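J.: Below is a structure I'd like to ask you about.
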Amino acid sequence: MTPTRHPSDAVLADYASGALRSAFSAVVAAHLEHCPHCRDEVAALEAVGGALLETLPESGLAAEGLERVMAALDEAEAPAAPAQSTIERIAFGRERFLAPSMGIRKAGSGADGELLYLLRLPSGQKTLPHGHLGVEFTTVLKGAYNDNGALYRAGDFCEMDSAADHQPHVVVGEECVCLIASERPMRMTTRVGWLVQALTGV
Amino acid sequence: MPVRPSEEDVDTAGLMALIASSQDRSAFRTLFMIFAPRVKTYLIRHGAPAEKAEELAQETMLTLWRKATYFDPQRASVGAWVFTIARNLRIDSLRRERSAVAYALTVHEPEASTVTPQTESEIAQTQVRLRSAISTLPPEQLEVVQLSFFEDKPHAEIAQQLSLPLGTVKSRLRLALARLRGLVGDLA
């Protein structure tokens with residue numbers, strides 16, 4: 001099943017030009033693995049990048065640069081093993097349980113305090129109502145959830161900004177796992193939310 | 001002094017095939033002379049000091065040599081492929097320098113590749129069309145596209161630099177990218 005909810009053109013352009021911070025880039029990459037349509041879009045933007053590169057003026061190179069590279073060709077290492085999936089390439093910490101069968105695995109935080117984490121929620125779980133103080137990207141890896149009347153299934157991508165409050169609700173039948181990058185911690189809209197946030201740091 | 005080749009009269013995909021099939025050094029030399037000086041410019045525009053840009057341009061070309069067998073001429077142009085290698089090296093090198101925070105993430109975005117294959121000549125024609133479209137973009141659109149691809153600046157900063165409202169920068173960028181993107185054809 002191919003995803004039906006995609007990153008915006010602007011997000012794909014930032015991804016292709018390499019302007020996204022790594023946490024956000026990873027969430028887009030996870031969507032691309034599920035989405036042939038967006039992979040073609042990114043390839044088209046990279047073709048634009050290639051054409052722009054070809055039209056750049058040339059910088060002078062160090063006189064011995066080419067010979068140095070030519071000499072290094074023989075020692076060039078064999079190519080790395082075939083790429084693993086995005087999730088396998090991220091070093092996540094141990095899972096911390098928020099409740100039985102509800103856990104979070106963080107992958108450290110970026111230079112500007114942005115967070116990247118895996119969130120696992122059980123079938124039927126309603127999250128606490130919350131908003132965001134900055135941008136949040138989500139790619140669903142497993143299961144599905146409803147949010148503001150829209151259904152997000154495995155492979156789907158969701159971008160939230162600071163304007164909206166929401167309360168995702170996991171569809172009954174299967175647990176839901178998401179890869180999430182957020183610019184800042186959430187903005188909890190209830191007291192219970194504040195307490196959970198104090199305990200988990202998201 | 002050899003004549004500096006230009007990518008316009010060189011079959012770059014053919015040279016890649018020679019490298020992949022028989023580690024052809026003279027093919028590599030030609031590609032180096034086409035791409036390394038431009039990759040260096042790309043990195044300098046992104047704020048790399050000249051020496052670092054030189055080093056990363058060399059590393060980009062070494063990566064092209066090492067991964068030559070992965071290049072698929074039906075899924076990307078050589079230019080697009082080199083662009084993604086240089087982009088990934090730039091991102092990695094920036095991350096390494098910034099990652100005193102021990103950001104536990106090493107993502108190597110895959111190199112350029114479409115899902116939908118095309119013929120080599122379609123891809124070559126697309127690159128020619130793109131280059132000529134770039135040279136005829138209205139200057140104000142070309143400026144935002146170049147800033148967005150080559151200077152790693154958030155749109156808000158580009159707007160400030162050009163003394164334009166953010167909305168104007170976004171709409172110019174959208175227009176220009178849609179126009180260029182349209183030339184790549186409907187892949188999906």
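The values are calculated or read from the model by the stated rules, or taken from the named source; none is laboratory data. Please read these numbers as outputs of a predicted model, since none were measured by experiment. In this analysis, Cβ positions are derived from the backbone assuming ideal geometry, glycine residues included, and neighbour counts consider all displayed protein chains.
J.: Taking the options A:Val28, A:Val48, name whichever one is surrounded by 17 or more Cβ atoms within 10 Å (Cβ to Cβ), touching a strand residue (DSSP E or B) at 6+ places or on another chain (Cβ under 9 Å) and among the β-branched types (Val, Ile, Thr).
T.: On the way: A:Val48 fails: touching a strand residue (DSSP E or B) at 6+ places or on another chain (Cβ under 9 Å).
On inspection, the qualifying residue turns out to be A:Val28.
J.: Here is a further query. Looking for whichever is out of contact with any strand residue (DSSP E or B) (no Cβ under 8 Å at 6 or more places or on another chain), free of Cβ contacts under 8 Å to residues at least 24 places away in the same chain and either among the charged types (D, E, K, R) or not in a helix (DSSP H, G or I) (or both) here; the options are A:Ala71, A:Ala63. Which one fits? Step through it out loud before you land on a result.
T.: Numbers: A:Ala71 fails: either among the charged types (D, E, K, R) or not in a helix (DSSP H, G or I) (or both).
Going through A:Ala71, A:Ala63 in turn, the sole match is A:Ala63.
J.: Please note which helices (runs of 4 or more DSSP H) are completely contained in segment B:86-188 and include at least 1 residues that are hydroxyl-bearing (Ser, Thr, Tyr), under 19 Å from the mean Cα position of the chain (by Cα) and modelled with pLDDT of 70 or more. Even if it seems obvious, please write down each step before you answer.
T.: Numbers: elements: B:120-136, B:139-150, B:155-161, B:166-183.
Ranges flagged: B:120-136, B:139-150.
J.: Checking A:Gly50 against (1) part of a loop (DSSP other than H, G, I, E, B); (2) at pLDDT 90 or above; (3) at the interface with another protein chain (Cβ under 7 Å from one of its Cβ atoms): exactly one of these is not met. Which one?
T.: Checking A:Gly50 against (1) part of a loop (DSSP other than H, G, I, E, B); (2) at pLDDT 90 or above; (3) at the interface with another protein chain (Cβ under 7 Å from one of its Cβ atoms), the one that fails is (1).
Matching residues to (1) at pLDDT below 90; (2) more than 8 Å from chain B (Cβ to nearest Cβ):
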| position | (1), (2) |
| --- | --- |
| A:Gly60 | no, no |
| A:Ala83 | yes, no |
| A:Phe92 | yes, no |
| A:Leu98 | yes, yes |
| A:Lys106 | yes, yes |
| A:Leu118 | no, yes |
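J.: Hey, among the residues in segment A:136-166 that are polar (S, T, N, Q) and in a loop (DSSP other than H, G, I, E, B), which one's surrounded by the most Cβ atoms within 10 Å (Cβ to Cβ)? It would help to see each step written out before you state the result.
T.: First pass over segment A:136-166, keeping only residues polar (S, T, N, Q): A:138-139, A:146, A:148, A:162.
Right, trim to in a loop (DSSP other than H, G, I, E, B) and you get A:148, A:162.
Working: A:Asn148: 11, A:Ser162: 14.
The residue in question is A:Ser162.
J.: Which pairs do you get when a residue that is not assigned by TED's automatic domain parsing to the domain that holds B:Ser22, found in segment B:60-72, comes within reach of a residue that is of a type in the set (D, E, K, R), reach meaning Cβ atoms under 9 angstrom, with the pair 6+ apart or on two chains?
T.: Note: no pairs meet the criteria.
J.: Out of curiosity, is B:Pro49 more than 8 Å from every other protein chain (Cβ to nearest Cβ), out of contact with any Pro (no Cβ under 6 Å at 6 or more places or on another chain) and closer than 21 Å to B:Val10 by Cβ?
T.: Working: more than 8 Å from every other protein chain (Cβ to nearest Cβ): yes; out of contact with any Pro (no Cβ under 6 Å at 6 or more places or on another chain): yes; closer than 21 Å to B:Val10 by Cβ: no.
No; evaluated as a whole, the condition is false for this residue.
J.: Counting just the residues of segment A:6-34 that are within 22 Å of A:Ala107 (Cβ to Cβ) and in a loop (DSSP other than H, G, I, E, B), which one comes out farthest from the other protein chains (Cβ to nearest Cβ)?
T.: Filtering first and then ranking leaves A:Pro7.
J.: Answer yes if at least one residue in segment A:54-62 is surrounded by 23 or more Cβ atoms within 10 Å (Cβ to Cβ) and of a type outside the set (S, T, N, Q), and no otherwise.
T.: Filtering segment A:54-62 for residues surrounded by 23 or more Cβ atoms within 10 Å (Cβ to Cβ) gives A:54.
Remaining after also requiring of a type outside the set (S, T, N, Q): A:54.
For segment A:54-62, residues surrounded by 23 or more Cβ atoms within 10 Å (Cβ to Cβ) and of a type outside the set (S, T, N, Q): present.
J.: Quick test for you: out of A:Val42, A:Val69, pick the one residue that is modelled with pLDDT of 90 or more, surrounded by 19 or more Cβ atoms within 10 Å (Cβ to Cβ) and over 29 Å from B:Arg129 (Cβ atoms).
T.: Values: A:Val42 fails: over 29 Å from B:Arg129 (Cβ atoms).
Just a single option satisfies the conditions, and that option is A:Val69.
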